[in-house]
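One structure is given here, and the rest of the page talks about it.
Here, each number is a calculation from the coordinates, and none is a lab measurement. None of these values were measured; they are calculated from a predicted model. In this analysis, Cβ positions are derived from the backbone assuming ideal geometry, glycine residues included, and neighbour counts consider all displayed protein chains.
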């Protein structure tokens with residue numbers, strides 16, 4: 001069922017300069033009483049390996065690891081595409097705690113249910 005008061009943020013990139021926007025926007029949405037979800041797809045998964053996000057810090061922002069942790073602590077769900085894990089050849093790769101590994105169909109369901117979807 002479509003929830004017009006919800007936004008799905010989809011992260012497809014592992015470029016450092018593209019990491020903050022979906023997290024900042026999701027946190028801001030949550031503070032505005034908008035349901036926010038973040039979905040990592042494709043190359044975006046590389047950021048979620050333990051130790052990766054700690055090495056990214058841009059401008060006056062906290063480290064990317066701190067941003068991800070705050071997002072999770074705010075109750076914003078972070079989804080990870082299982083098919084993307086397979087595409088990257090990651091059968092047994094651990095990801096940071098708190099993310100939910102889901103099937104590719106979940107992205108379709110989340111997009112159909114969201115009031116709007118933003119891609120990064």
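Between residue 49 and residue 101, with labels modelled 7 Å along Cα→Cβ, what's the label distance in nm to one decimal, could you check?
According to this spin-label approximation, the distance is 1.5 nm.
For the chain, with a Gaussian network of springs between Cα atoms less than 10 Å apart, report the residue from 28, 71, 12 with the top mean-square fluctuation.
Residue with maximal mean-square fluctuation among 28, 71, 12: 28.
Principal axes first, then extents: for the Cα atoms of region 3-119, list largest minus smallest coordinate on each axis, whole Å, largest first.
36, 36, 21
Counting pairs of alpha carbon atoms under 8 Å apart in space and at least six apart in sequence, what relative contact order in percent does region 10-62 give?
44 percent
How far, in nm, would the chain grow between residue 74 and residue 33 when pulled straight, counting 0.36 nm per residue and subtracting the alpha carbon separation?
Details: separation 41, 0.36 × 41 = 14.76 nm, distance 1.17 nm.
Length gained between residue 74 and residue 33: 13.6 nm.
Note down the relative contact order for the chain as a percent, whole number, built from C-alpha pairs under 8 angstrom at least six residues apart. Walk me through the intermediate numbers first.
On the way: 205 pairs, mean separation 45.7, N = 120.
Answer for the chain is 38 percent.
Would you mind telling me which residue in 25, 107, 58 has the biggest mean-square fluctuation in a Gaussian network model of the chain, where springs connect alpha carbons within a distance under 10 angstrom?
58
Which percent of the Cα-Cα distances in region 33-100 go past 13 Å? Working shown, then result.
Values: 1484 of 2278 pairs.
In whole percent, the share of Cα-Cα pairs in region 33-100 beyond 13 Å is 65.
Which one of 57, 92, 46 has the biggest mean-square fluctuation once the chain is modelled by GNM with Cα springs under 10 Å?
92
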